[in-house]
1. Can you work out the FRET efficiency for the pair C:Arg239 and C:Leu112, with r the C-beta to C-beta distance and R0 = 56 Å, to the nearest 0.05?
2. Within chain A, which complete DSSP H helices have Cα atoms spanning at least 18 Å along the helix axis and a mean Kyte-Doolittle hydropathy of -1.0 or higher?
3. What is the pair-distance distribution P(r) of the stretch C:57-189, computed from all Cα-Cα distances in 10 Å bins starting at 0, with each bin given as a whole percent?
4. Which lysines, on any chain, are close to C:Lys15 with Cα under 26 Å apart, when same-chain ones fewer than 8 places away are left out?
5. Just to be sure I understand the model, the point goes 7 Å from the Cα along the line to the Cβ. What's the resulting A:Trp12 to B:Leu199 distance in nm?
6. For chain A, what class follows from the C-alpha gyration tensor (a ≥ b ≥ c being the square roots of its eigenvalues): rounded when a/c is under 1.5, otherwise prolate if a/b is larger than b/c, else oblate?
7. Return the whole-Å distance between the Cα centroid of the stretch C:19-59 and the Cα centroid of the stretch A:1-76.
8. Evaluate the distance, in nm, between pseudo-label points positioned 7 Å from the Cα of C:Glu134 and of A:Leu51 along their respective Cα→Cβ axes.
Amino acid sequence: MDVNLQPIIDSWPFLAKALGTTLYVSVASMVLGFMIGVAVGVLRTYGGRVLYVLLGFYVDTMRAIPLLVVLVWTFFAFPLLIGRSIDAVTAGIAGLGIHLGAYVAETIRAGLTSVRRNQMQAALALGMSRFQAIRTIILPQALVRMLPALGSLLVIAIKDSAIASVIAVPELLRQTQIVAGKTFRPFELYTAAMLVYFLLCYPVARAVDRLYRRVAHLGSS
Amino acid sequence: MNFQWSIVWESLPRLLDGAWMTVWLTFATMTLAIPGGLVLALMRLSPVTLISASATAFVEFFRATPLILQIYWIYYVLPAYFDVQLSQLGTALAGLACNIAAFNSETFRSGIVSIRRGQWNAGLALGMAPARVFVSIILPQATMRVLPALASTWVSLFKDTSLVSIISVAELSYVSLQIRAETYRILEVLTAMAALYWLMGYPQAKLVDWVHRRFKVAE
Amino acid sequence: MNKADPILTFEAVHKRYGSVMALDGVNLSIRRGEVVCLIGPSGSGKSTLLRCANALDVLDSGRIVFEGNEVRSSEATVRHVRRRMGMVFQNFELFPHLTVLRNVTIGPTTVLGMRRAAAEGRAMALLSKVGLSEKAAVYPSALSGGQQQRVAIARALAMEPALMLFDEPTSALDPETIGEVLSVMKVLADEGMTMLVVTHEMDFARRVADHVAVFDKGRVIEEGSPKEVFENAMVPRTRDFLSHLGWHGETTIPTAASTREVS
């Protein structure tokens with residue numbers, strides 16, 4: 001078997017740009033998912049019965065439907081409903097973020113309910129409103145406790161961004177396919193892409209572990 | 001905008017065939033990935049560094065790279081460079097099973113490690129062989145503890161089977177995308193696909209919640 | 001307002017948890033500058049009464065009036081009342097993600113809208129008052145139980161409350177750290193702070209309280225000065241309760257609880 005790294009070297013700028021897109025799409029979808037997840041998690045925990053059920057429907061729907069289906073629907077079907085097209089990157093970030101948001105919401109909710117009830121009472125006893133208590137006392141503790149889980153979700157966001165290749169988002173996997181198709185060197189290209197993903201995901205997973213050990217005591221009331 | 005939902009009824013037999021393939025893939029993969037995960041977990045707990053390190057490398061690699069890329073890799077690289085010719089279905093099963101086995105091995109490993117050392121000692125003190133202790137004492141307890149994580153992995157797997165559509169395995173996503181391409185009824189067909197996944201996945205998600213409540217370890 | 005006016009009154013307060021009558025018609029009033037200790041068996045409703053006072057629990061019937069406002073009459077009153085009452089919990093409930101200093105300043109900055117620098121000045125003064133100014137920068141997990149409870153007292157005082165509620169403040173502490181918390185409480189009492197204290201520390205109640213109320217099964221079965229309650233209990237249940245704790249009036253054989261040094 002002969003290994004030829006020339007295609008990778010030749011397409012280096014093209015692939016580097018694709019890696020940039022992968023990073024952009026992962027981080028943007030994580031940010032979107034985080035915002036959705038915090039809002040949904042807090043509202044499901046403290047928003048009363050109706051919101052619990054309504055938002056629970058969103059969460060369980062996203063847990064039930066594959067990401068590929070969410071992405072394909074958002075990119076191909078949704079524009080027909082609203083009558084205008086969406087570019088692939090926007091659709092990709094939206095689909096990834098909405099899908100991820102459900103998992104963030106469940107994580108946040110688990111974190112919020114794991115903070116002892118008395119912490120809320122202590123905050124209320126100081127005269128805080130429920131909103132102030134959640135924002136300054138309960139949510140920060142929940143986030144610290146859920147740091148490992150949120151870190152895993154970041155790793156998942158990076159890996160899942162590769163699925164956006166099916167709607168032609170020009171991220172790393174998609175552009176690797178293109179180069180592999182043009183040069184007929186799938187082994188080198190796909191292996192290199194695999195290594196890059198590993199180098200992205202593995203350190204993040206490790207870093208989150210280490211970070212958590214440093215701050216664990218901040219979340220233990 | 002006019003929609004033609006009748007296309008969904010006309011295509012329903014094909015969609016259901018696809019759904020059946022999705023279910024089949026889920027069961028077949030899990031059937032391979034449970035023993036696979038157990039073997040990997042035991043290898044990782046092995047005192048022989050070579051064995052534990054190679055299992056660790058396998059697990060970390062499959063956990064830290066995208067499944068969709070793993071499927072491509074197996075599909076394009078194995079036949080071209082290693083002269084291993086798998087069918088599309090074989091490729092799909094291999095990719096899914098390796099990936100899920102890696103996740104299962106972490107589940108099993110933490111399940112086994114979570115059983116207190118004293119349980120080993122108690123078994124050994126009764127005169128059991130270590131293998132006997134593992135099978136009769138440790139494994140049953142660990143099984144109860146890993147059920148929630150295993151249930152979550154099950155639903156992930158159910159969803160992940162959609163990724164093998166990229167290598168033309170005729171499961172629900174692939175079939176739906178084919179019908180879409182044939183009929184151009186994009187919204188109708190893709191919505192029907194999402195609805196079918198929802199109908200299958202929603203009860204599973206609820207079941208997972210139940211398993212989590214039922215087998216929650218009190219700590 | 002006259003110093004002898006009641007600052008807080010409970011009028012026919014009822015509270016039920018399922019089939020349990022936690023408070024069964026409690027009448028009690030606390031005057032400005034007074035230290036009132038609530039004693040009685042566990043589960044007799046003392047803590048529930050405290051939690052109703054600042055509306056952490058909702059009463060079923062009756063009235064609680066604080067500084068002329070009926071607690072629970074509106075959301076705004078509840079917030080106002082909580083701002084004016086400090087509360088110290090059995091398990092401290094310090095905020096683990098905040099430093100000791102921030103624990104003390106967070107009430108003034110978020111609730112009173114105080115500037116951070118001014119709040120920190122006030123907090124440092126209070127921390128040195130409870131003897132913990134050198135711990136300002138650490139997180140609560142680095143403190144002993146007694147130290148955490150002293151920070152919790154400083155946190156409540158930072159709101160400059162008109163009344164302090166203490167819910168079994170020493171019950172979760174190791175015996176060797178109880179004294180440091182009680183002595184801080186004693187200092188507060190001597191300075192004229194109005195305090196409502198649920199406690200099992202009979203010696204503290206006897207020496208510091210102006211008024212003692214004995215709880216049993218959701219009712220105040222006896223109240224009076226410490227001397228009246230501890231030396232001349234009229235109600236047999238009070239005498240039972242006291243003797244269970246090893247309290248036999250002045251002829252008592254000293255026990256760990258009754259001989260603990262307070263100050």
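1. 0.75
2. A:12-46, A:49-64, A:88-114, A:147-161, A:186-215
3. Bins of 10 Å from zero give 13, 41, 32, 13, 1 percent of pairs.
4. List returned: C:Lys46, C:Lys217.
5. 5.4
6. oblate
7. 52
8. 4.7
Coordinate-derived values only; no laboratory data. Predicted, not measured: the structure shown is a model, and the values here were computed from it. Because the Cβ atoms are built from the backbone with ideal geometry, glycine has one as well, and the counts that use them run over all protein chains shown.
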